Each structure stands twice: as C-alpha cells, then as structure tokens.
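Presented below is the structure to which this report refers.
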Amino acid sequence: MTLYHISIKKIIKRCTFSIFAASLLLSSAAFSGCSLKANTAENSDAGSQEPVSATAIKLNTAVTVTIYDSQDRELLTECMNLCDKYEKIFSRTASDSELYQLNHRELTPVAGTEDTFQVSNPLAELIRKGLYYSELSEGAFDIAIEPLTSLWDFTAEDPQVPEDRLIQEALTKCDYHNVSVSDNNEVILKTEDTAIELGAIAKGYIADRLKDYLISQGVKSAIINLGGNVLCIGGKPDDSSFKIGIQKPFADRSETIAVMDIKDKSVVSSGVYERCFEQDGTLYHHLLNPRTGYPYDNGLIAVTIISDESVDGDALSTTCFALGLEDGMKLAESLDNVQAFFVTSDYEIHYTKDFQKEITVTETD
C-alpha cells in the first residue's frame, strides 16, 4: 500500500531519519506530543554580543533555550530546572508524576468522595485547557484518550499495531465528558477507568512558563525550543525577526518547506511522520483518532499554528489536524490572533485567509 504518494520503503527510512535528525536539529518530537521540526538556527551578527544557549534532553526530547540579550547562564539552568519540575507534574508514564498518580488513583480522594482529587494549580490549569479544546473540537481532540494512547508504543524497538479487540475496549473508556475540574482545583474522574493524556499540550504550557520566567528576569530576546515547539521572546536584539524554518515532511535531510519571520509568537506543528512505523504495507502514525482508535487518515501531512501562547498552538495543531483541512481551516480562522497553514499529501500548502498579510513566509520548494 502507498500512502501520501511516497513508497512505503521510503517512508520507513524517513520516519527513522526524522527521529535521528531531530537530535541534530534540536527539535525531536516527544513528551507524547506531536510537534514537527522547526529549525531555529540563527547567526548572531545582528546583536552586540554572542547569544548564550543550552541544550539538554528533557521531556523525552531535545530542549534548547537561546538568549540573545543576556550573558547570564544561570537563566538557562533555571529553564532546564523548570522543565524537570513540570515533567514531574505532567508525565503520563513516570510513576512519580502527579498526573500518573491521578490516573492511577494514587492521590488521596477529597474527603467524602471516591472520584474527586485535589491537584496542583499547573495540573488543574492544563486539564482545563485540554477540556476547552476537547469541547471546541467536539471530541476530535480528547484529553481522556490515555487508555488508547497507552496501547500504541511508537518508540518501541519493534512497534506493532495493537489487537483490534484491545483498541475497541479502550475506546469505551475515552470520553472527555468523564473529566471535570472545579475552580478550587479539584478534578473529578467520573468512571474508574477514565485517564488523562496531556502530551498534546504539555510542551506548549511549559514553553509559556519558561517565557514567563525569562521575561520576569528582564529577557527581551530569546528562543525557547521544546522539541519543535518554538516560542520566540521578542525578536533579535536589532529588532529584526527570527527566521523559523518548518521542516519538510518525510525529508531525507534538513529540508524546509517554508521559512517565516517571527517576533514574539509561538510556532507549533503537528505531522504524521514524527513517530510512525509500517506494518503490512500500511503507515501508522501517532496522531490517533479517539473515535476509531487508529491514526487519522484525512489527506493531511502536517499543520502549523502561529499563536501568542504556545499551549494554544500545541492544542490547535493537533485539533486542526484531527478536524481535517476544511473544518480545521474554519476553526483556525474563527479564532483571534491565530494563523495556520496545512500541508496536504500532495505537499500543497493551504494558508488561513490572513496568514500572508500578517506573517512574512517564504516557501522553499
């Protein structure tokens, strides 16, 4: 079987390559999320001093923070510490994380209840954001998809499609309506097998918190790159824009499909090639449909969102992909301060109506 007009042998080679190349580009896909690569390499001759930068493997991806208007490396250290802090809250798989303990009912229930749990403010905030986009998309984006995502292991040495019987069983447990969160940060899990997956929005939230921290320390020019979730603080020190390149899907090398001029915005992309494998001639990728249990197959390869906050870009890149070209475009165009472009299987780029008026973009093909 041939998908996306590329032979399956080439697809598998390219899936593998994209994971390897990500470590070189400082933009791999992970934290159970879905970001395609963004190349943020910049020359530094625009400023009066060399930028300071740090890279580390955090959140199961390569995290890079680059500051252009300060030489204080302690700021970089604190950014990495913040990544560790939030991973201990949002990780679905780490047994000592707050989310894991919530999903496995290891937190102490609120007095007089069996299904209500007090959680930290960051976890409550992110669950609220996830529920907002679950409702906005009418379930195409669903934060209660954990019973399904836990079946699919795209990082295994030999990944396999789960048994359909298990997929169908998991689907009965996936329903965001079974999750609610109160104003005082009490989360209700309405059935005993409801579990939350925040991987599609956690990196965006964390990027926003790193930005808040750096701004509080007087930083006005920086790039935060959490595995391809790129968040720009201001522009370069000379007030010119950062050049953000979006990697071409399934590229054999560091090819970009478009380059954008970005100031003080978030750029987040979701694509089918980040984590994928082939089985019996079919390509399976990590963007799962909570209604069917299998990867979406809607003619899209990737979606890129430009927004003010990275958490919104993170959620919308997945949501708009899930909705498909027509409905995803309508959603993006209905929102304030959001621009998007969609890449279809023929590699054609489709822009929201005001994209090219507000953002300077150069297609590289």
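The values are calculated or read from the model by the stated rules, or taken from the named source; none is laboratory data. Remember, it's a predicted structure, so these values are computed and weren't measured experimentally. Cβ: placed from backbone, ideal geometry, glycine included. Neighbour counts: every protein chain shown. Side chains included, ligands, DNA and RNA excluded: accessible areas come from the protein's heavy atoms. Shrake-Rupley method; radii C 1.70, N 1.55, O 1.52, S 1.80 Å.
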>> Anything in segment 209-233 that is outside any loop (DSSP other than H, G, I, E, B), open to solvent by less than 10 Å² (accessible area, probe 1.4 Å) and within 30 Å of PHE141 (Cα to Cα)? List them, or say none.
In response: LEU210, ILE223, ILE224, ASN225, LEU226, ASN229, VAL230, LEU231, CYS232, ILE233
>> Looking at ARG92 and the list (1) at pLDDT 95 or above; (2) surrounded by 15 or more Cβ atoms within 10 Å (Cβ to Cβ), which single condition is not satisfied?
In response: (1)
> Among all residue pairs at least 6 apart or on different chains, which show Cβ distances below 9 Å where the first residue, located in segment 328-357, is under 15 Å from LEU300 (Cα atoms) and the second is small (Gly, Ala, Ser) and open to solvent by 20 Å² or more (accessible area, probe 1.4 Å)?
Replying inline: THR344/GLY299; SER345/GLY299; ASP346/GLY299
> When you go through (1) farther than 25 Å from ASP175 by Cα; (2) assigned to a loop (DSSP other than H, G, I, E, B) one by one for ASP297, which number turns out not to apply?
Replying inline: (1)
> Quick one: would you say LYS236 is assigned to a loop (DSSP other than H, G, I, E, B) and more than 30 Å from GLU125 (Cα to Cα)?
Replying inline: yes
> Of the residues that sit in segment 112-160 and are of a type in the set (S, T, N, Q) and in a helix (DSSP H, G or I), which one is modelled with the lowest pLDDT?
Replying inline: THR149
> ALA195 passes all but one of (1) assigned to a loop (DSSP other than H, G, I, E, B); (2) at pLDDT 95 or above; (3) over 24 Å from LYS88 (Cβ atoms); which number fails?
Replying inline: (3)
> Looking only at segment 296-343, which residues are of a type in the set (Phe, Trp, Tyr) and open to solvent by 10 Å² or more (accessible area, probe 1.4 Å)?
Replying inline: TYR296
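Matching residues to (1) under 25 Å from CYS232 (Cα atoms); (2) out of contact with any Phe, Trp or Tyr (no Cβ under 7 Å at 6 or more places or on another chain); (3) modelled with pLDDT of 90 or more:
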| site | (1), (2), (3) |
| --- | --- |
| ASP252 | no, no, no |
| GLU255 | yes, yes, no |
| ASP261 | yes, yes, yes |
| SER266 | yes, yes, yes |
| SER270 | yes, no, no |
| GLN279 | no, yes, no |
| HIS286 | no, no, no |
| ASN289 | no, no, yes |
> Give me the pairs: first residue in segment 114-128 and open to solvent by less than 40 Å² (accessible area, probe 1.4 Å), second residue among the hydroxyl-bearing types (Ser, Thr, Tyr) and part of a helix (DSSP H, G or I), beta-carbon distance under 8 Å, and six or more apart or on different chains, which are they?
Replying inline: PRO122/TYR86; PRO122/TYR205; LEU126/TYR205
> When segment 252-276 is examined, which residues are found to be open to solvent by 10 Å² or more (accessible area, probe 1.4 Å) and either on the phi > 0 side of the Ramachandran plot or touching a residue at least 40 places away in the same chain (Cβ under 8 Å) (or both)?
Replying inline: ASP252, ARG253, SER254, GLU255, THR256, VAL259, ASP261, ASP264, LYS265, ARG275, CYS276
> Restricting segment 49-68 to residues that are open to solvent by 60 Å² or more (accessible area, probe 1.4 Å) and part of a loop (DSSP other than H, G, I, E, B), which is nearest to ASP208 (Cα to Cα)?
Replying inline: ASN60
> If you scan segment 158-184, which residues turn out to be over 21 Å from LEU287 (Cβ atoms) and in contact with a strand residue (DSSP E or B) (Cβ under 6 Å, 6 or more places away or on another chain)?
Replying inline: SER180, VAL181
